[in-house]
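See below for the structure under consideration.
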Amino acid sequence: MAQVEVAAVLNTSKQPALAQQFVQFLVSPEAQEILPVTNWMLPVAKNTELPEVFGRLANVERIGFTSEEVAAHRKAWIREWRSAAAK
């Protein structure tokens, strides 16, 4: 099982500059160190050191996709997710 979290600036945003600042914060070292212990999810920044507790709670593996892979598969993945969620 995998949990994937996404953050993006919508093209309908009324404050795109502020939204972009927030996305930049999410990938900052500060936020990447906070997210694993407050949301219990893996950071996206590969150089982020995980707290020791992660090794005791579960055997976690990072999954990752390049921007190109996401762009190539996004529509199919969303279609598959919607189909599974509708059941």
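Any read-out appearing in this document is the output of simple, stated calculations on the displayed coordinates, not a laboratory observation. Keep in mind the model is a prediction, meaning the values are calculated, not measured. Cβ: placed from backbone, ideal geometry, glycine included. Neighbour counts: every protein chain shown.
If you plug each phi of the range 26-34 into the Karplus form 6.51 cos²θ - 1.76 cosθ + 1.60 with θ = phi - 60°, what whole-Hz ³J(HN,Hα) values come out, in order, with x for Gly and Pro?
Those phi angles translate into 4, 9, 6, x, 4, 5, 5, 7, 7 Hz.
Only Lys, Arg, Asp and Glu count, each charged at its Cβ (+1, +1, -1, -1), so figure out the dipole size of the range 17-65 about its Cα centre, rounded to 20 debye. Provide the component values of the computation, followed by the final result.
On the way: 3 positive and 5 negative charges, 27 e Å.
Dipole size: approximately 120 debye.
Find, among the trypsin sites (Lys or Arg not before Pro) in the range 10-82, those assigned to loop by DSSP (not H, G, I, E, B) with at most 13 other beta-carbon atoms within 10 angstrom. Mind showing how you got there, number by number?
Numbers: sites: Lys14, Lys46, Arg56, Arg62, Arg74, Lys75, Arg79, Arg82; in loops: Lys14, Lys46, Arg62.
Within the range 10-82, the qualifying trypsin sites (Lys or Arg not before Pro) (loop, at most 13 other Cβ atoms within 10 Å) are Lys14, Lys46, Arg62.
Report the net charge of residues surrounding Pro29, where surrounding means a beta-carbon distance below 13 angstrom and charges are Lys +1, Arg +1, Asp -1, Glu -1. Don't jump to the answer; show the numbers that get you there.
Working: positive: Lys46; negative: Glu30, Glu33, Glu49.
Around Pro29, the charge tally is -2.
Work from the charge dipole of the range 16-85 (Cβ charges, +1 for Lys and Arg, -1 for Asp and Glu, about the Cα centre) and give the residue of Gln24, Ala71, Ala84 farthest towards its positive end.
Going by the Cα projections, it comes out as Ala84.
Where in the range 47-87 is the amide nitrogen less than 19 Å from a point lying 7 Å along the Cα-to-Cβ axis of Ala19?
Residues 71, 75 qualify, since their backbone N sits under 19 Å from the label point.
For the chain, what percent of Cα pairs sit more than 23 Å apart? Write down the numbers at each step before the final one.
Details: 1458 of 3741 pairs.
The share of Cα pairs beyond 23 Å in the chain comes to 39 percent.
I'd like the chymotrypsin sites (Phe, Trp or Tyr not before Pro) in the range 7-65 restricted to DSSP loop residues with at most 16 other Cβ atoms within 10 Å, sorted by number. The partial results should precede the final answer.
Details: sites: Phe22, Phe25, Trp40, Phe54, Phe65; in loops: Trp40, Phe65.
Passing both the DSSP loop test and the Cβ count: Trp40, Phe65.
Taking neighbour Cβ counts within 10 Å as the exposure measure, how do Thr12, Thr48 sort from fewest upward? Numbers along the way, then the final one.
Details: Thr12 6, Thr48 14.
Fewest-to-most ranking of Thr12, Thr48: Thr12, Thr48.
Enumerate the amide H contacts of Ala45 below 5 Å, restricted to partners 5 or more residues apart or on another chain; note that Pro and chain-start residues carry no placed amide H.
Here the answer is none, since no amide H 5 or more places off falls under 5 Å of that of Ala45.
Do any GluC sites (Glu not before Pro) in the range 1-72 lie in a DSSP loop with no more than 11 other beta carbon atoms within 10 Å, and if so, which? Before the final figure, lay out each step's value.
Details: sites: Glu5, Glu30, Glu33, Glu49, Glu52, Glu61, Glu68, Glu69; in loops: Glu5, Glu49, Glu52, Glu61.
Sparse-neighbourhood loop GluC sites (Glu not before Pro): Glu5, Glu49, Glu52, Glu61.
Tell me the relative contact order for the chain as a rounded percent, counting alpha carbon contacts under 8 Å between residues six or more apart. All intermediate terms of the calculation are to be shown ahead of the outcome.
On the way: 36 pairs, mean separation 13.9, N = 87.
The normalised contact order for the chain reaches 16 percent.
With charges set only on the Cβ (+1 for Lys and Arg, -1 for Asp and Glu), what does the dipole of the chain come to about its Cα centre, in debye to the nearest 20?
Working: 9 positive and 9 negative charges, 106 e Å.
Dipole about the Cα centre, nearest 20: 520 debye.
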